[in-house]
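A short reminder: the numbers here are calculations on the coordinates, not readings from a lab. Only a predicted model underlies this, so the values are computations on that prediction, with no experimental measurement involved. Reconstructed Cβ throughout: ideal geometry from the backbone, glycine too, with neighbour counts over all protein chains shown.
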Amino acid sequence: MNYNDQTKLTDILAAYPWLPEELIKLDSRFKIVNTPVGKMMIKKATVADLSKKAGLSTDELLQKLQEMVDQHNKA
């Protein structure tokens, strides 16, 4: 899957359903992804929105996402 700063989180999570658990390992603030409020917020959120919440640049977050996907594909 190709993604960028405008990719919807719902699209990424649909492709990688295991990703929320990995995001929590990256930063505990991502626990919100698994809450009812978080699930509602994700419907409209993009990678750029998530990077702001995490305090990471969009490029850093995209790199981390790619690393997680690559690591998961190796397993």
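Things worth noting here:
- Residue in the stretch 40-59 that is touching a residue at least 60 places away in the same chain (Cβ under 8 Å), in a helix (DSSP H, G or I) and either under 11 Å from the mean Cα position of the chain (by Cα) or crowded, with 17+ Cβ neighbours inside 10 Å (or both) present: no
- Reported count of residues in the stretch 60-75, each being loosely packed, with under 15 Cβ neighbours inside 10 Å and part of a helix (DSSP H, G or I), is 9.
- Hey, T58 among the hydroxyl-bearing types (S, T, Y) and more than 21 Å from N73 (Cα to Cα) or not: yes
- Under the condition of being of a type in the set (V, I, T), assigned to a helix (DSSP H, G or I) and in contact (Cβ under 8 Å) with a residue 40 or more places away in the chain, the residues counted in the stretch 2-15 number 1.
- Cross-chain or 6+ apart pairs with Cβ under 7 Å, the stretch 16-30 first and without any contact (Cβ under 8 Å) to a residue 60 or more places away in the chain, then outside any helix (DSSP H, G or I) and buried (at least 17 other Cβ atoms within 10 Å of the Cβ): none
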